[in-house]
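A.B. asks: Structure below; questions to follow.
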Amino acid sequence: MKKREMEVRKGESGGCWSYQAAGSVPDIGGPSEDAVVIQKGKKQGDPFVITVNCPDKAGLGCDICWIILDFGLCIVKGDFTTDGIWCYIVLWVFPYSTSPTVRWSNIKERLLAVCPAFSVSAYLNEPPPKPVASPVYLLTFCSTDRTGLLNDVTRVLCELELMIQRVKVTTTPDGRVMDLFFITDNLELLHTKKRRDDACDKLHAVLGDSCTSVDIHSAGYNKDSVPRISSLSQAASKELFRSELSEKEVHSQALSPDVKKLMHASVMIDNSLSPAHSLLQISCVDHKGFLYDIMRILKDFNIQIAYGRFSPVNKGHRDLDLFIRQRDGLKIVDTEKQDVLISRFKLEMLHPLRVIITNRGPDTELVVANPVELSGRGRPMVFYDTTLALKALGICVFSAEIGRHVTDNGEWEVYKFLLEESCKYKLGSMVVKNQIVDKVRRTLMGW
């Protein structure tokens, strides 16, 4: 791959290279309102600009990208720079057309919450204290079943910033559903009656007159552990969690021909351009959460970003240049470490999410899996996007389950959906199964 020249000049307008705070020690205190600034585009159709200017910490870029993805935003361009003590990040974002309603004031609050306050530990780049586990609440409702019901409820929960931890869907022979959602509150307000009443009112509105009851109460425990997924067949596990996908498994992902043409990733690590940093260059097909996936890998490998640029999409591809170094401040010169990092990037740039259809006895089951951060946090919006795809196909969900599965290569978050047979789709057909996988994968990837 031809080397792309990086323009890193102080005083460059519109980029992140001309920041004032880098290398200086600001007044001691918590992050001010100015630590996060969100600006609306100057004219219709222009992206919003999110600026983060605060002390640096390990994994901050990953945390920021996770929040942005959680709000259903697409990062179209980005600039990063840090001296290891202070960082400055500028991201240009758009809401995805399929995303729930975006509450911009809430985004700012969430971003401020992950910005470290300036302190001695922040100055020394020490890891922050482990956060207290959030209390889990149980949302229950009873309603008449219909196509898209699960996604409509999930949309409301996303807009309310209520995170789904587990789901239990029960469908009765007379077409009624009794759904149980185990949720946590990003705003930490669900212990108040006002917050619970507001959530119940919004759910009643979307469920309509067929809803007979909605209730939210404490589940009696904190989110300090995630249940393991119920049994997966050996064949399904092998197909989902292999560290390398064979041609057969790539085919089983049911990629459409137009997508297969784009499935190529180029990853390079170059140590010749900088005396202090390794240059990581990535070029691959664009997808939803592209920048989050890269930041997640760097965070898991304990690699620090010094500066970099995320270019706009070009013919369906993204180019990314990052000057990086190990946490000890050294370049990545060990060829074995380079090979491991490059292989991980290539695999997860092409297949950040795994989607398959399996048979569970006479029934058809859709399984979606994505890698979990070493911190234990899973990818946001997966349940919403999967149910959105099934809603678009007109397929009802008989039951759903969320859990974790541990392999030699790490931990995975797994979503299982038992699908209902319909007149429109005969689920036993391989053509239909491939259509379902393709639609779900496209929705998850933002294609």
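A.B. asks: Tell me yes or no: at least one residue of region 396-414 is basic (K, R) and buried (at least 18 other Cβ atoms within 10 Å of the Cβ).
C.D. replies: No, the conditions are met nowhere in region 396-414.
A.B. asks: What is the number of the single condition among (1) crowded, with 21+ Cβ neighbours inside 10 Å; (2) under 30 Å from T82 (Cβ atoms) that H317 does not meet?
C.D. replies: Unmet condition: (1).
A.B. asks: Among the listed residues F383, F345, F417, identify the single one that is buried (at least 17 other Cβ atoms within 10 Å of the Cβ) and more than 19 Å from the chain's Cα centre (by Cα).
C.D. replies: F417
A.B. asks: Still on this structure, please answer the following. Go through (1) touching a strand residue (DSSP E or B) at 6+ places or on another chain (Cβ under 8 Å); (2) under 30 Å from L240 (Cβ atoms) for R325 and report which single condition fails.
C.D. replies: For R325, the exception is condition (2).
A.B. asks: Quick test of your reading of the structure: D286 fulfils all but one of (1) under 22 Å from P371 (Cα atoms); (2) in contact with an Asp or Glu (Cβ under 9 Å, 6 or more places away or on another chain). Name the failing condition by number.
C.D. replies: For D286, the exception is condition (2).
A.B. asks: Moving on to the next point. Collect the residues in region 134-179 that are within 14 Å of C200 (Cα to Cα) and among the basic types (K, R), keeping them in residue-number order.
C.D. replies: R155
A.B. asks: Name the one entry in I107, I50, I38 that is at pLDDT 85 or above and part of a helix (DSSP H, G or I).
C.D. replies: I107 is the lone residue from the list that is at pLDDT 85 or above and part of a helix (DSSP H, G or I).
A.B. asks: Would you mind telling me which numbered condition in (1) at pLDDT 85 or above; (2) within 22 Å of V153 (Cβ to Cβ) S422 fails?
C.D. replies: Only one criterion in (1) at pLDDT 85 or above; (2) within 22 Å of V153 (Cβ to Cβ) is unmet by S422, namely (1).
A.B. asks: Return only the number of the condition from (1) in contact with a helix residue (DSSP H, G or I) (Cβ under 8 Å, 6 or more places away or on another chain); (2) at pLDDT below 80; (3) not assigned by TED's automatic domain parsing to the domain that holds P380 that K261 does not satisfy.
C.D. replies: That leaves (1) as the condition not met.
A.B. asks: Please enumerate the residues belonging to region 179-213 that are among the hydrophobic types (A, V, I, L, M, F, W, C) and either part of a helix (DSSP H, G or I) or more than 28 Å from the chain's Cα centre (by Cα) (or both).
C.D. replies: Result: A199, C200, L203, A205, V206, L207, C211.
The values are calculated or read from the model by the stated rules, or taken from the named source; none is laboratory data. Keep in mind the model is a prediction, meaning the values are calculated, not measured. Neighbour counts are summed over all protein chains in view; Cβ atoms, including those assigned to glycine, are modelled from backbone coordinates with ideal geometry.
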